[in-house]
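The values are calculated or read from the model by the stated rules, or taken from the named source; none is laboratory data. In this text the structure is predicted, and so the values were computed from the model without any measurement. Here Cβ is always computed from backbone atoms with ideal geometry, including for glycine, and neighbour counts include all displayed protein chains. These accessible areas exclude ligands, DNA and RNA; they are computed on the full protein's heavy atoms, side chains included. Shrake-Rupley method; radii C 1.70, N 1.55, O 1.52, S 1.80 Å.
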Amino acid sequence: MKYDYITIESMTTTKTDDIEATTEQIKSLEALGCDIIRVAVPNPESANAIAKIKENIKIPLVADIHFNHKLALRAIETGADKIRINPGNIGGESNVKAVADACKQKNIPIRIGVNSGSLEKKLLEKYGGVTPDAMVESAMSHVALLNKYDFNDIWLSAKSSNVALTVATYRKLKQQTDYPFHIGVTEAGTEYNGIIKSAIGIGALLLDGIGDTLRVSLTAAPEREIIAGKAILKALGLREGTDIISCPTCGRCNIDIIGITNEVEQRLTDDYKNLTIAIMGCEVNGPGEAAHADYGIAGAGNEAIIFAKGKKLGKYPINEIVNRLLEEAYT
């Protein structure tokens, strides 16, 4: 399972054995641009549900397993495209071997998921707490365990709710292995704070060339994770889509720049056209400062002008300006 671009992952919040609700949520996420979906598999019913869920979705499905390796084996049988485990918490090495053998037979990758909140006690004692070195040693010891049983189709994640710790851990991990990485800041918090922490952590790693899949982990509807993930990738030039630039406004502004910008952004949530749209409060920072924009608005008294690549196209009443702009840009 390799990808040609950075993919966005999310996780369902429904009970996985509620096939109808889980399928409906995945379809909603697919429509927004989710590339990979992960489902919790805490019981046999959830593992059994994977087959039916897979019949009605288009994107790969990752089974998230903890403690019970038999659930991993069942998820593999029912069609999971990837297994996410922590090899240290599914029992003895024989259990790890069983999962590795089953995945190898089906050509299914395993993601080793290391989390700062569940590090092995011996590593906490060795390093005096949660540190990047402790996280890296945990991840690489799990890699060695899978390698021992001739399994090499591995993805790695090593997350913390602490942004600096997360970034430092992935940077150290990158120095030791070429396995693909799933990146993110875990348990990042509410939508507002979580997006800020995720943008800093994920953005820093992607700018370093680290990361193959990502999840923006939010205490919010999973749809918000997809929108945030797309925004992060667009900001870094790693995903196509409309980029809205807008001025912070000042006393020269005579139009509702905040309301207009929000309306344009909301109407373009699902758009993938690779354009830059500028929304400026006055003619001072309109066509001049935003001359590079494909299309734009600039306030002009009680009206606004529309411009393209710095060239004025016309002046219109404020109540028509958003519709006029979108007609110019998307027709």
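Of note:
- FRET efficiency, 1/(1 + (r/R0)^6) with R0 51 Å, evaluated for residue 45 and residue 330 via beta carbons: 0.65
- Stretched out straight at 0.36 nm per residue, the stretch from residue 15 to residue 124 would grow longer than its current Cα-Cα span by 35.9 nm.
- Accessible area per residue in Å² at 1.4 Å probe, computed on the range 26-85: 39 Å²
- Residues 307, 67, ordered by accessible area of protein heavy atoms at a 1.4 angstrom probe radius and largest first, appear as 67, 307.
- Cα principal axis extents for the range 45-182, largest first, Å: 45, 31, 27
- Bridge orientation summary for the range 234-331: considering DSSP beta bridges with both residues in this region, about 60 percent are antiparallel.
- Extended-chain gain in nm, criterion 0.36 nm per residue less alpha-carbon gap, residue 323 and residue 66: 87.5 nm
- GNM result for the chain, Cα springs below 10 Å: residue of 60, 248, 42 fluctuating most strongly: 248
- Bridge orientation summary for the chain: considering DSSP beta bridges with both residues in this region, about 25 percent are antiparallel.
- With DNA, RNA and ligands ignored, accessible area of residue 267 (1.4 Å probe; Å², nearest 10): 120 Å²
- Charge dipole magnitude, Cβ of K and R +1, D and E -1 - the chain, Cα centre, debye nearest 20: 740 debye
- Straightening the chain between residue 56 and residue 164 buys 34.9 nm, computed as 0.36 nm per residue apart minus the Cα-Cα spacing.
- Taking the inverse of the mean reciprocal distance over all distinct Cα pairs, the Kirkwood hydrodynamic radius of the range 10-86 comes to 11.9 Å.
- Prolate is the label for the range 200-331. Its Cα gyration tensor axes, ordered a ≥ b ≥ c, give a/c of at least 1.5 and a/b above b/c.
- A simple rule links phi to the HN-Hα coupling: the Karplus curve 6.51 cos²θ - 1.76 cosθ + 1.60 with θ = phi - 60°, which for the range 229-239 gives x, 4, 5, 5, 5, 5, 5, 9, x, 9, 8 Hz, with x for Gly and Pro.
- Each stretch of four or more DSSP H residues adds -39500 (n - 2.57); spread over every residue of the chain, this sum gives -13000 deg cm²/dmol at 222 nm.
- Rule-of-thumb Rg ratio for the chain [Cα; 2.2 N^0.38 Å; N residues]: 1.17
- The packing ranking, built from the mean of other Cβ atoms within 10 Å per residue, places the peptides 320-331, 14-25 in the order 14-25, 320-331, highest first.
- Cα-based radius of gyration for the range 164-250, normalised by 2.2 N^0.38 Å, reads 1.14.
- Nearest-10 value in Å² for the accessible area of residue 69, using the 1.4 Å probe: 30 Å²
- Expressed as a whole percent, the accessible area of the range 7-84 that falls on carbon and sulfur atoms is 49 (1.4 Å probe).
- Note that the range 174-331 presents 48 Å² accessible area per residue, ligands and nucleic acids not counted, probe 1.4 Å.
- Overall form of the range 119-173 per C-alpha gyration tensor (a/c, 1.5; a/b vs b/c): oblate
- Dividing the mean sequence gap of close Cα pairs (under 8 Å, 6+ apart) by how many residues the range 194-296 holds gives a relative contact order of 22 percent.
- Pairwise FRET efficiency - residue 262 versus residue 107, Cβ, R0 = 56 Å, nearest 0.05: 0.75
- Kirkwood-Stokes translational diffusion coefficient of the range 162-207, alpha-carbon pairs, 10 °C, 1.306 mPa s, µm²/s: 145 µm²/s
- Kirkwood-Stokes translational diffusion coefficient of the range 84-144, alpha-carbon pairs, 10 °C, 1.306 mPa s, µm²/s: 129 µm²/s
- C-alpha center-to-center spacing [the range 117-167, the range 62-116] in angstrom: 17 Å
- Relative contact order (percent, whole number), the range 1-158, Cα cutoff 8 Å, 6+ residue spacing: 17 percent
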